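Report on the structure given below.
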Amino acid sequence: MSSDLLRMAPECAQFIVILLLFTQSACDHKCALPSAASWLPLAALLVCLTSVASLFSSGVMFMGTYTVDGLSQFFKLAVAAGFLVVVLNAGRQAGITPDKRTDYLLFLSLSAWGLMLLASTSELVSLYLALELSSYSLYVLIPVRDNSRESAEAGAKYILFGAAATAVSLFGLSFIMSSQHTTHIAALASCDWSWAGNPSAVMGLTLFLSGMFFKLALFPFHFWCPDVYQGTSNETAAFVATLPKLGAIVILIRMTAFLKPGMAVTDTIAVLGLISMTFGNLCALTQKDLKRLLGFSSVAHAGYIILGLIVGTRQGLAAAAFYGVAYMIMNLLCFWVVCRVASDGRNLSLDDLNGLYKRSPALAFALAVGAFSLVGLPPTIGFMGKFFLISAAWNNGYNWLVIALVLNSAIAIYYYLSLVRHAYTEENAEQEPAPAAPDTSRTGVVGAVVLAAAALALGVVPASVYQYAVWASETL
(Lines give C-alpha, C1' and ligand atoms only; values in the text may rest on other atoms or scores of the structure.)
Protein backbone atom coordinates (compact mmCIF):
# COMPACT_ATOMS: atom_id res chain seq x y z
CA MET A 1 0.00 0.00 0.00
CA SER A 2 2.88 2.40 0.82
CA SER A 3 4.44 1.84 -2.61
CA ASP A 4 1.07 2.56 -4.25
CA LEU A 5 0.86 5.84 -2.36
CA LEU A 6 4.34 6.79 -3.53
CA ARG A 7 3.32 6.15 -7.13
CA MET A 8 0.28 8.35 -6.57
CA ALA A 9 2.24 11.12 -4.84
CA PRO A 10 1.02 13.96 -7.13
CA GLU A 11 -2.64 12.99 -6.68
CA CYS A 12 -2.21 12.58 -2.93
CA ALA A 13 -0.48 15.97 -2.62
CA GLN A 14 -3.27 17.63 -4.60
CA PHE A 15 -5.88 15.88 -2.44
CA ILE A 16 -4.22 17.25 0.71
CA VAL A 17 -4.51 20.74 -0.80
CA ILE A 18 -8.23 20.07 -1.36
CA LEU A 19 -8.69 18.97 2.25
CA LEU A 20 -6.95 22.11 3.51
CA LEU A 21 -9.12 24.33 1.33
CA PHE A 22 -12.26 22.47 2.43
CA THR A 23 -11.29 22.91 6.08
CA GLN A 24 -10.64 26.61 5.56
CA SER A 25 -13.93 27.04 3.71
CA ALA A 26 -15.79 25.45 6.61
CA CYS A 27 -13.95 27.46 9.29
CA ASP A 28 -13.56 30.88 7.67
CA HIS A 29 -16.72 32.25 9.27
CA LYS A 30 -15.80 30.90 12.73
CA CYS A 31 -12.19 31.96 13.12
CA ALA A 32 -9.68 34.27 11.49
CA LEU A 33 -7.42 32.28 9.16
CA PRO A 34 -4.85 33.42 6.61
CA SER A 35 -6.32 33.99 3.17
CA ALA A 36 -6.25 30.88 0.98
CA ALA A 37 -4.77 32.95 -1.83
CA SER A 38 -1.75 33.67 0.38
CA TRP A 39 -0.68 30.06 1.01
CA LEU A 40 -2.16 28.19 -1.97
CA PRO A 41 0.60 29.19 -4.45
CA LEU A 42 3.21 27.63 -2.13
CA ALA A 43 1.07 24.49 -1.79
CA ALA A 44 0.68 24.31 -5.59
CA LEU A 45 4.46 24.66 -5.95
CA LEU A 46 4.94 21.71 -3.58
CA VAL A 47 2.54 19.66 -5.73
CA CYS A 48 4.70 20.54 -8.76
CA LEU A 49 7.86 19.41 -6.97
CA THR A 50 6.13 16.18 -5.94
CA SER A 51 5.17 15.60 -9.57
CA VAL A 52 8.77 16.13 -10.67
CA ALA A 53 10.00 13.62 -8.07
CA SER A 54 7.56 10.97 -9.34
CA LEU A 55 8.24 11.44 -13.07
CA PHE A 56 9.73 7.98 -13.46
CA SER A 57 7.30 6.08 -11.25
CA SER A 58 5.44 3.15 -12.78
CA GLY A 59 2.95 0.49 -11.85
CA VAL A 60 -0.58 -0.85 -12.39
CA MET A 61 -3.08 -0.58 -9.55
CA PHE A 62 -6.70 -1.20 -8.64
CA MET A 63 -7.14 -4.34 -10.74
CA GLY A 64 -5.74 -2.77 -13.88
CA THR A 65 -7.95 0.31 -13.90
CA TYR A 66 -5.22 2.76 -12.87
CA THR A 67 -1.86 2.92 -14.63
CA VAL A 68 1.13 4.95 -13.50
CA ASP A 69 3.59 5.31 -16.35
CA GLY A 70 5.67 7.92 -18.14
CA LEU A 71 2.67 9.32 -19.98
CA SER A 72 0.54 9.80 -16.87
CA GLN A 73 3.38 11.42 -14.90
CA PHE A 74 4.19 13.74 -17.80
CA PHE A 75 0.65 15.08 -17.87
CA LYS A 76 0.32 15.21 -14.08
CA LEU A 77 3.34 17.49 -13.98
CA ALA A 78 1.81 19.62 -16.74
CA VAL A 79 -1.48 19.87 -14.83
CA ALA A 80 0.36 20.75 -11.60
CA ALA A 81 2.38 23.46 -13.34
CA GLY A 82 -0.71 24.86 -15.03
CA PHE A 83 -2.60 24.83 -11.75
CA LEU A 84 0.20 26.83 -10.11
CA VAL A 85 -0.03 29.51 -12.82
CA VAL A 86 -3.83 29.62 -12.61
CA VAL A 87 -3.72 30.00 -8.82
CA LEU A 88 -1.23 32.87 -9.09
CA ASN A 89 -3.39 34.41 -11.78
CA ALA A 90 -6.57 34.17 -9.71
CA GLY A 91 -5.04 35.53 -6.51
CA ARG A 92 -6.44 39.05 -7.04
CA GLN A 93 -9.43 38.18 -9.18
CA ALA A 94 -11.89 41.03 -9.54
CA GLY A 95 -15.58 40.24 -9.25
CA ILE A 96 -15.38 37.62 -6.49
CA THR A 97 -16.25 38.67 -2.96
CA PRO A 98 -13.80 37.58 -0.22
CA ASP A 99 -16.28 35.14 1.28
CA LYS A 100 -16.40 33.18 -2.01
CA ARG A 101 -12.69 33.17 -2.83
CA THR A 102 -11.80 30.07 -0.80
CA ASP A 103 -14.68 28.12 -2.36
CA TYR A 104 -13.57 29.28 -5.81
CA LEU A 105 -10.03 28.01 -5.23
CA LEU A 106 -11.40 24.77 -3.77
CA PHE A 107 -13.31 23.97 -6.96
CA LEU A 108 -10.27 24.86 -9.07
CA SER A 109 -8.27 22.35 -7.02
CA LEU A 110 -10.95 19.67 -7.37
CA SER A 111 -11.00 20.05 -11.14
CA ALA A 112 -7.20 19.81 -11.33
CA TRP A 113 -7.29 16.70 -9.12
CA GLY A 114 -9.82 15.07 -11.45
CA LEU A 115 -7.52 15.77 -14.39
CA MET A 116 -4.61 14.13 -12.55
CA LEU A 117 -6.72 11.04 -11.96
CA LEU A 118 -7.79 11.13 -15.60
CA ALA A 119 -4.15 10.95 -16.71
CA SER A 120 -3.76 7.48 -15.15
CA THR A 121 -7.13 5.87 -15.86
CA SER A 122 -6.84 2.92 -18.20
CA GLU A 123 -10.42 1.66 -18.05
CA LEU A 124 -13.38 3.38 -19.66
CA VAL A 125 -15.78 3.53 -16.71
CA SER A 126 -13.06 4.92 -14.42
CA LEU A 127 -12.15 7.32 -17.20
CA TYR A 128 -15.71 8.58 -17.35
CA LEU A 129 -15.86 9.10 -13.58
CA ALA A 130 -12.57 11.04 -13.52
CA LEU A 131 -13.73 13.14 -16.46
CA GLU A 132 -16.96 14.06 -14.71
CA LEU A 133 -15.12 14.85 -11.48
CA SER A 134 -13.05 17.42 -13.33
CA SER A 135 -16.12 18.75 -15.16
CA TYR A 136 -18.56 19.21 -12.28
CA SER A 137 -16.28 21.74 -10.62
CA LEU A 138 -16.27 23.81 -13.80
CA TYR A 139 -20.08 23.81 -13.84
CA VAL A 140 -19.86 25.73 -10.55
CA LEU A 141 -16.94 28.00 -11.47
CA ILE A 142 -18.02 29.33 -14.85
CA PRO A 143 -21.08 31.32 -13.64
CA VAL A 144 -19.10 32.95 -10.78
CA ARG A 145 -18.58 36.51 -12.00
CA ASP A 146 -19.99 39.38 -9.93
CA ASN A 147 -23.69 39.07 -10.82
CA SER A 148 -22.98 38.98 -14.54
CA ARG A 149 -25.77 37.83 -16.86
CA GLU A 150 -23.18 36.78 -19.44
CA SER A 151 -21.52 34.45 -16.95
CA ALA A 152 -24.87 32.89 -16.04
CA GLU A 153 -25.55 32.28 -19.72
CA ALA A 154 -22.06 30.82 -20.19
CA GLY A 155 -22.61 28.49 -17.24
CA ALA A 156 -25.96 27.30 -18.61
CA LYS A 157 -24.45 26.64 -22.04
CA TYR A 158 -21.52 24.72 -20.62
CA ILE A 159 -23.79 22.57 -18.45
CA LEU A 160 -26.21 21.83 -21.30
CA PHE A 161 -23.51 21.00 -23.83
CA GLY A 162 -21.59 19.03 -21.21
CA ALA A 163 -24.67 17.01 -20.26
CA ALA A 164 -25.38 16.26 -23.92
CA ALA A 165 -21.77 15.17 -24.53
CA THR A 166 -21.87 12.98 -21.41
CA ALA A 167 -25.11 11.31 -22.51
CA VAL A 168 -23.69 10.58 -25.95
CA SER A 169 -20.47 9.19 -24.43
CA LEU A 170 -22.37 6.87 -22.09
CA PHE A 171 -24.51 5.69 -24.97
CA GLY A 172 -21.34 4.89 -26.91
CA LEU A 173 -19.88 3.12 -23.88
CA SER A 174 -22.87 0.78 -23.81
CA PHE A 175 -22.16 -0.18 -27.44
CA ILE A 176 -18.50 -0.86 -26.62
CA MET A 177 -19.34 -3.01 -23.60
CA SER A 178 -21.95 -5.04 -25.47
CA SER A 179 -19.76 -5.66 -28.52
CA GLN A 180 -16.28 -6.04 -27.00
CA HIS A 181 -17.19 -7.36 -23.51
CA THR A 182 -14.47 -5.36 -21.77
CA THR A 183 -13.75 -1.77 -20.82
CA HIS A 184 -10.00 -2.07 -20.20
CA ILE A 185 -8.04 -0.11 -22.79
CA ALA A 186 -5.25 -2.72 -22.91
CA ALA A 187 -7.76 -5.46 -23.74
CA LEU A 188 -9.64 -3.28 -26.22
CA ALA A 189 -6.42 -2.77 -28.19
CA SER A 190 -6.56 -6.38 -29.39
CA CYS A 191 -10.25 -6.25 -30.40
CA ASP A 192 -11.68 -5.84 -33.89
CA TRP A 193 -12.41 -2.16 -34.70
CA SER A 194 -13.13 -2.47 -38.40
CA TRP A 195 -16.42 -1.22 -39.78
CA ALA A 196 -16.94 -4.45 -41.71
CA GLY A 197 -16.12 -6.76 -38.78
CA ASN A 198 -17.75 -4.96 -35.86
CA PRO A 199 -19.87 -1.94 -36.82
CA SER A 200 -21.46 -1.73 -33.36
CA ALA A 201 -18.05 -1.26 -31.73
CA VAL A 202 -17.03 1.40 -34.24
CA MET A 203 -20.25 3.29 -33.63
CA GLY A 204 -19.78 3.02 -29.87
CA LEU A 205 -16.20 4.24 -30.02
CA THR A 206 -17.18 7.21 -32.18
CA LEU A 207 -19.90 8.21 -29.70
CA PHE A 208 -17.68 7.66 -26.67
CA LEU A 209 -14.95 9.87 -28.10
CA SER A 210 -17.49 12.69 -28.29
CA GLY A 211 -16.88 13.40 -24.61
CA MET A 212 -13.15 13.84 -25.26
CA PHE A 213 -13.82 16.01 -28.30
CA PHE A 214 -16.10 18.20 -26.18
CA LYS A 215 -13.25 18.87 -23.75
CA LEU A 216 -10.86 19.46 -26.63
CA ALA A 217 -13.37 21.81 -28.35
CA LEU A 218 -13.01 19.90 -31.62
CA PHE A 219 -15.57 20.59 -34.35
CA PRO A 220 -18.54 19.93 -34.15
CA PHE A 221 -18.34 19.84 -30.32
CA HIS A 222 -16.92 23.35 -30.11
CA PHE A 223 -20.05 25.53 -29.95
CA TRP A 224 -19.74 26.18 -26.22
CA CYS A 225 -16.13 27.35 -26.42
CA PRO A 226 -16.18 31.02 -27.58
CA ASP A 227 -19.40 31.78 -25.68
CA VAL A 228 -18.09 30.32 -22.42
CA TYR A 229 -14.72 32.08 -22.74
CA GLN A 230 -16.51 35.38 -23.33
CA GLY A 231 -19.04 34.98 -20.55
CA THR A 232 -16.96 33.66 -17.69
CA SER A 233 -14.34 35.63 -15.79
CA ASN A 234 -10.90 36.08 -17.33
CA GLU A 235 -9.21 33.93 -14.67
CA THR A 236 -11.71 31.09 -15.03
CA ALA A 237 -11.38 31.23 -18.81
CA ALA A 238 -7.61 30.80 -18.39
CA PHE A 239 -8.25 27.50 -16.57
CA VAL A 240 -11.00 26.24 -18.89
CA ALA A 241 -8.92 27.03 -21.98
CA THR A 242 -5.88 25.03 -20.91
CA LEU A 243 -5.93 22.30 -18.29
CA PRO A 244 -9.05 20.33 -19.40
CA LYS A 245 -7.47 20.10 -22.85
CA LEU A 246 -4.56 18.20 -21.31
CA GLY A 247 -6.95 15.65 -19.85
CA ALA A 248 -8.59 15.09 -23.23
CA ILE A 249 -5.22 14.73 -24.96
CA VAL A 250 -3.83 12.12 -22.55
CA ILE A 251 -6.95 9.95 -22.89
CA LEU A 252 -6.95 10.23 -26.68
CA ILE A 253 -3.28 9.22 -26.69
CA ARG A 254 -4.11 6.11 -24.67
CA MET A 255 -7.01 5.22 -26.94
CA THR A 256 -4.92 5.50 -30.10
CA ALA A 257 -3.65 2.04 -29.17
CA PHE A 258 -6.57 0.74 -31.22
CA LEU A 259 -6.88 3.57 -33.76
CA LYS A 260 -4.76 2.68 -36.78
CA PRO A 261 -4.26 4.88 -39.87
CA GLY A 262 -6.79 4.04 -42.58
CA MET A 263 -9.52 2.83 -40.21
CA ALA A 264 -12.98 4.34 -40.62
CA VAL A 265 -12.87 5.95 -37.16
CA THR A 266 -9.38 7.35 -37.72
CA ASP A 267 -10.29 8.86 -41.08
CA THR A 268 -13.42 10.40 -39.59
CA ILE A 269 -11.36 12.00 -36.82
CA ALA A 270 -8.89 13.29 -39.42
CA VAL A 271 -11.71 14.97 -41.35
CA LEU A 272 -13.01 16.53 -38.13
CA GLY A 273 -9.49 17.82 -37.46
CA LEU A 274 -9.37 19.43 -40.91
CA ILE A 275 -12.77 21.11 -40.46
CA SER A 276 -11.90 22.19 -36.92
CA MET A 277 -8.66 23.96 -37.80
CA THR A 278 -10.20 25.65 -40.86
CA PHE A 279 -13.46 26.67 -39.19
CA GLY A 280 -11.71 27.93 -36.05
CA ASN A 281 -9.25 30.10 -37.94
CA LEU A 282 -11.84 31.58 -40.31
CA CYS A 283 -14.17 32.49 -37.43
CA ALA A 284 -11.31 34.01 -35.43
CA LEU A 285 -10.56 36.41 -38.29
CA THR A 286 -13.74 38.40 -37.60
CA GLN A 287 -13.56 38.56 -33.80
CA LYS A 288 -13.08 41.79 -31.84
CA ASP A 289 -13.58 40.38 -28.33
CA LEU A 290 -10.21 39.02 -27.24
CA LYS A 291 -11.54 35.99 -25.38
CA ARG A 292 -13.83 34.99 -28.26
CA LEU A 293 -10.80 35.22 -30.53
CA LEU A 294 -8.87 32.90 -28.22
CA GLY A 295 -11.92 30.62 -28.07
CA PHE A 296 -12.00 30.09 -31.84
CA SER A 297 -8.21 29.77 -31.70
CA SER A 298 -8.73 26.81 -29.34
CA VAL A 299 -10.99 25.17 -31.92
CA ALA A 300 -8.24 25.51 -34.53
CA HIS A 301 -5.53 24.14 -32.22
CA ALA A 302 -7.70 21.13 -31.42
CA GLY A 303 -7.49 20.29 -35.12
CA TYR A 304 -3.70 20.61 -35.03
CA ILE A 305 -3.42 18.18 -32.11
CA ILE A 306 -5.52 15.61 -33.96
CA LEU A 307 -2.74 15.35 -36.55
CA GLY A 308 -0.36 13.77 -34.04
CA LEU A 309 -3.01 11.46 -32.60
CA ILE A 310 -4.18 9.82 -35.83
CA VAL A 311 -0.67 8.92 -37.02
CA GLY A 312 -0.35 6.35 -34.26
CA THR A 313 3.46 6.26 -34.16
CA ARG A 314 5.42 6.99 -31.00
CA GLN A 315 6.72 10.19 -32.63
CA GLY A 316 3.16 11.24 -33.43
CA LEU A 317 1.93 10.59 -29.89
CA ALA A 318 4.96 12.37 -28.44
CA ALA A 319 4.32 15.32 -30.75
CA ALA A 320 0.68 15.48 -29.58
CA ALA A 321 1.80 15.38 -25.93
CA PHE A 322 4.43 18.07 -26.53
CA TYR A 323 1.96 20.26 -28.38
CA GLY A 324 -0.53 19.88 -25.53
CA VAL A 325 2.05 21.31 -23.12
CA ALA A 326 2.99 24.01 -25.65
CA TYR A 327 -0.68 24.93 -26.05
CA MET A 328 -1.06 25.24 -22.28
CA ILE A 329 1.97 27.54 -21.95
CA MET A 330 0.98 29.72 -24.92
CA ASN A 331 -2.59 30.22 -23.75
CA LEU A 332 -1.70 30.74 -20.10
CA LEU A 333 0.71 33.44 -21.26
CA CYS A 334 -1.97 35.20 -23.32
CA PHE A 335 -4.59 34.93 -20.59
CA TRP A 336 -2.09 36.17 -18.01
CA VAL A 337 -1.69 39.35 -20.06
CA VAL A 338 -5.47 39.63 -20.53
CA CYS A 339 -6.03 39.38 -16.78
CA ARG A 340 -3.32 41.94 -16.04
CA VAL A 341 -4.57 44.45 -18.63
CA ALA A 342 -8.20 43.97 -17.52
CA SER A 343 -7.32 44.56 -13.87
CA ASP A 344 -10.97 45.38 -13.15
CA GLY A 345 -12.18 42.08 -14.62
CA ARG A 346 -13.80 43.48 -17.77
CA ASN A 347 -13.75 41.77 -21.16
CA LEU A 348 -11.12 43.16 -23.50
CA SER A 349 -11.53 44.08 -27.15
CA LEU A 350 -8.62 44.41 -29.53
CA ASP A 351 -8.79 48.20 -29.16
CA ASP A 352 -8.13 47.85 -25.43
CA LEU A 353 -4.61 46.69 -26.32
CA ASN A 354 -3.80 49.95 -28.12
CA GLY A 355 -0.64 51.55 -26.79
CA LEU A 356 0.09 48.71 -24.38
CA TYR A 357 3.83 49.04 -25.06
CA LYS A 358 3.70 52.47 -23.40
CA ARG A 359 1.53 51.49 -20.45
CA SER A 360 3.40 48.26 -19.68
CA PRO A 361 6.35 47.23 -21.89
CA ALA A 362 6.69 43.88 -20.10
CA LEU A 363 3.07 42.89 -20.73
CA ALA A 364 3.30 44.00 -24.37
CA PHE A 365 6.42 41.89 -24.85
CA ALA A 366 4.78 38.88 -23.20
CA LEU A 367 1.71 39.27 -25.42
CA ALA A 368 3.94 39.39 -28.49
CA VAL A 369 5.69 36.18 -27.44
CA GLY A 370 2.35 34.50 -26.85
CA ALA A 371 1.00 35.61 -30.23
CA PHE A 372 4.16 34.51 -32.07
CA SER A 373 3.97 31.14 -30.29
CA LEU A 374 0.33 30.59 -31.26
CA VAL A 375 1.19 31.42 -34.88
CA GLY A 376 4.14 29.03 -34.77
CA LEU A 377 6.99 31.41 -35.51
CA PRO A 378 10.56 30.56 -34.43
CA PRO A 379 12.12 30.52 -31.89
CA THR A 380 9.00 29.84 -29.83
CA ILE A 381 7.53 26.65 -28.40
CA GLY A 382 4.63 26.88 -30.85
CA PHE A 383 7.02 26.57 -33.78
CA MET A 384 8.68 23.45 -32.35
CA GLY A 385 5.29 21.95 -31.50
CA LYS A 386 4.08 22.30 -35.08
CA PHE A 387 7.44 21.11 -36.40
CA PHE A 388 7.18 17.89 -34.37
CA LEU A 389 3.58 17.35 -35.53
CA ILE A 390 4.47 17.84 -39.20
CA SER A 391 7.62 15.68 -38.98
CA ALA A 392 5.71 12.83 -37.34
CA ALA A 393 2.77 12.91 -39.75
CA TRP A 394 4.51 13.40 -43.10
CA ASN A 395 4.53 10.23 -45.27
CA ASN A 396 2.33 8.41 -42.76
CA GLY A 397 -0.91 8.54 -44.72
CA TYR A 398 -2.12 12.02 -43.86
CA ASN A 399 -0.04 14.37 -45.96
CA TRP A 400 -3.21 16.24 -46.94
CA LEU A 401 -3.82 17.11 -43.29
CA VAL A 402 -0.22 18.30 -42.93
CA ILE A 403 -0.73 20.66 -45.88
CA ALA A 404 -3.98 21.87 -44.31
CA LEU A 405 -2.14 22.62 -41.06
CA VAL A 406 0.47 24.71 -42.89
CA LEU A 407 -2.18 26.65 -44.82
CA ASN A 408 -4.22 27.27 -41.69
CA SER A 409 -1.15 28.51 -39.85
CA ALA A 410 -0.75 31.07 -42.64
CA ILE A 411 -4.37 32.17 -42.19
CA ALA A 412 -3.85 32.48 -38.43
CA ILE A 413 -0.98 34.93 -38.89
CA TYR A 414 -3.47 37.72 -39.60
CA TYR A 415 -5.43 37.65 -36.37
CA TYR A 416 -2.59 36.62 -34.03
CA LEU A 417 -0.29 39.37 -35.25
CA SER A 418 -3.22 41.75 -35.01
CA LEU A 419 -2.72 41.50 -31.24
CA VAL A 420 0.86 42.69 -31.64
CA ARG A 421 -0.18 45.42 -34.06
CA HIS A 422 -2.69 46.85 -31.60
CA ALA A 423 -0.22 46.64 -28.71
CA TYR A 424 2.69 48.29 -30.55
CA THR A 425 1.45 50.40 -33.45
CA GLU A 426 -1.99 51.69 -32.45
CA GLU A 427 -2.29 54.66 -30.13
CA ASN A 428 -4.54 54.47 -27.10
CA ALA A 429 -7.62 56.69 -27.57
CA GLU A 430 -9.05 58.71 -24.72
CA GLN A 431 -12.15 57.12 -23.20
CA GLU A 432 -14.73 58.44 -20.74
CA PRO A 433 -14.74 57.07 -18.14
CA ALA A 434 -11.12 55.96 -18.38
CA PRO A 435 -10.66 52.18 -18.06
CA ALA A 436 -8.69 50.74 -15.17
CA ALA A 437 -4.92 50.84 -15.61
CA PRO A 438 -3.07 47.55 -16.24
CA ASP A 439 -1.80 45.65 -13.23
CA THR A 440 1.93 46.38 -13.31
CA SER A 441 2.66 44.94 -9.87
CA ARG A 442 5.75 42.82 -9.34
CA THR A 443 3.72 39.59 -9.46
CA GLY A 444 2.02 40.58 -12.71
CA VAL A 445 5.22 41.58 -14.48
CA VAL A 446 7.37 38.71 -13.18
CA GLY A 447 4.69 36.14 -14.06
CA ALA A 448 4.42 37.47 -17.61
CA VAL A 449 8.20 37.45 -18.06
CA VAL A 450 8.59 33.92 -16.65
CA LEU A 451 5.86 32.49 -18.91
CA ALA A 452 7.33 34.29 -21.93
CA ALA A 453 10.77 32.93 -21.03
CA ALA A 454 9.33 29.40 -20.82
CA ALA A 455 7.73 29.76 -24.26
CA LEU A 456 11.05 30.92 -25.72
CA ALA A 457 13.29 28.49 -23.83
CA LEU A 458 11.28 25.41 -24.84
CA GLY A 459 11.33 26.73 -28.40
CA VAL A 460 15.12 26.94 -28.38
CA VAL A 461 15.90 23.76 -26.40
CA PRO A 462 12.84 21.47 -26.59
CA ALA A 463 14.81 18.21 -26.73
CA SER A 464 14.52 17.16 -23.07
CA VAL A 465 10.73 17.55 -22.93
CA TYR A 466 10.18 15.98 -26.36
CA GLN A 467 12.49 13.04 -25.69
CA TYR A 468 10.70 12.35 -22.42
CA ALA A 469 7.39 12.42 -24.32
CA VAL A 470 8.84 9.92 -26.84
CA TRP A 471 9.95 7.65 -24.00
CA ALA A 472 6.53 7.99 -22.34
CA SER A 473 4.77 6.98 -25.57
CA GLU A 474 6.96 3.87 -25.76
CA THR A 475 5.75 2.75 -22.34
CA LEU A 476 2.12 2.53 -23.48
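The values are calculated or read from the model by the stated rules, or taken from the named source; none is laboratory data. Because the structure is predicted, anything quoted here is derived from the model rather than measured. Don't worry about glycine lacking a Cβ; one is built from the backbone with ideal geometry, like all the others, and counts go over all protein chains shown. With ligands, DNA and RNA removed, areas are computed over all heavy atoms of the protein, side chains included. Shrake-Rupley method; radii C 1.70, N 1.55, O 1.52, S 1.80 Å.
For the range 115-268, which whole-number percentage of the solvent-accessible area (1.4 Å probe, protein heavy atoms only) is attributable to carbon and sulfur atoms?
Carbon-and-sulfur percentage of accessible area, whole number: 68.
Over all pairs of distinct alpha carbons, what does the Kirkwood formula give as the hydrodynamic radius of the range 6-128, in Å?
For the range 6-128, inverting the mean 1/r across all distinct Cα pairs yields 15.0 Å.
In terms of modelled amide H atoms, which long-range or inter-chain residues lie less than 5 Å from the amide H of S349?
Residues meeting the amide H criterion: L290.
Compute the length gained on full extension between T475 and W400: take 0.36 nm times their separation in residues and subtract their Cα-Cα distance, giving the result in nm to one decimal.
Extra length available between T475 and W400 comes to 24.1 nm.
Probe radius 1.4 Å, ligands and nucleic acids left out: which of W336, W195 has the largest accessible area, and how do the rest follow?
Solvent-accessible surface, decreasing: W195, W336.
With a 1.4 Å probe and every protein chain kept in, tell me what percent of the accessible surface of the range 319-416 is carbon plus sulfur.
71
Are there chymotrypsin sites (Phe, Trp or Tyr not before Pro) in the range 374-413 that DSSP marks as loop and that have at most 16 other Cβ atoms within 10 Å, and which are they?
Listed in order of number, the matching sites are W394.
Using the structure shown, list the pairs from K291/K386; K100/K157; K291/K358; K157/K260 with a Cα-Cα distance above 25 Å, or answer none.
Listed pairs above 25 Å: K157/K260.
If you average the alpha carbon positions of the range 159-202 and of the range 340-363, how far apart do those two centres end up, in angstrom?
Using only Cα atoms, the two centres lie 46 Å from each other.
Subtracting the Cα-Cα distance from 0.36 nm times the residue separation, let me have the gained length for L42 to T440 in nm, one decimal.
141.1 nm
Averaging sequence separations of C-alpha pairs under 8 Å and six or more residues apart, then dividing by the length of the chain, give the relative contact order as a whole percent.
14
For the range 210-328, count the residues as N, evaluate 2.2 N^0.38 Å, and divide the Cα radius of gyration by that value, please.
1.02
Given charges of +1 on the Cβ of Lys and Arg and -1 on the Cβ of Asp and Glu, with all other atoms neutral, how large is the dipole of the range 123-262 about its Cα centre, in debye to the nearest 20?
Here the size comes out at about 200 debye.
Would any residue of the range 83-126 have its amide N under 11 Å from a label point 7 Å out along Cα→Cβ of F22? List them or say none.
110
Provide S418, S190 ordered by accessible surface of protein heavy atoms (probe 1.4 Å), highest first.
Heavy-atom accessible area, descending, gives S190, S418.
Per-residue counts of other Cβ atoms within 10 Å, averaged by peptide: what ranking do you get for 244-256, 119-131, 281-293, highest first?
Result, highest mean first: 244-256, 119-131, 281-293.
Could you work out Rg/(2.2 N^0.38 Å) for the chain, with Rg from alpha carbons only?
Cα Rg divided by the expected 2.2 N^0.38 Å: 0.93.
Given R₀ = 35 Å, what would the calculated FRET efficiency be for S178 paired with F223, taking r from the Cβ atoms and rounding to 0.05?
0.70
Pop out the ³J(HN,Hα) list for the range 328-340 in order, Karplus 6.51 cos²θ - 1.76 cosθ + 1.60 with θ = phi - 60°, rounded to Hz; leave Gly and Pro as x.
4, 5, 4, 6, 4, 5, 5, 5, 4, 5, 4, 5, 6
Just to check I understand the Karplus step: with θ = phi - 60° and J = 6.51 cos²θ - 1.76 cosθ + 1.60, what whole-Hz values come out for the range 75-85, glycine and proline as x?
6, 5, 5, 4, 5, 5, 5, x, 5, 4, 5
Post the alpha-carbon centroid distance, the range 51-130 to the range 390-409, in whole angstrom.
32
List the chymotrypsin sites (Phe, Trp or Tyr not before Pro) in the range 12-83 that DSSP assigns to loop (not H, G, I, E or B) and whose Cβ has at most 13 other Cβ atoms within 10 Å. Which are they?
Taking the range 12-83 and a limit of 13 other Cβ atoms within 10 Å, the loop chymotrypsin sites (Phe, Trp or Tyr not before Pro) found are F56, F62.
Averaged per residue, what accessible area in Å² does the range 232-367 show with a 1.4 Å probe, protein chains only?
21
For the range 12-26, just list the computed ³J(HN,Hα) in residue order, Karplus coefficients 6.51, -1.76 and 1.60, θ = phi - 60°, integers in Hz, with x standing in for Gly and Pro.
Computed from phi, the couplings for the range 12-26 are 5, 5, 5, 5, 5, 4, 4, 4, 5, 5, 5, 4, 5, 4, 6 Hz.
What FRET efficiency, computed as 1/(1 + (r/R0)^6) with R0 = 25 Å and r the Cβ-Cβ distance, is obtained for L456 and V52, rounded to the nearest 0.05?
0.75
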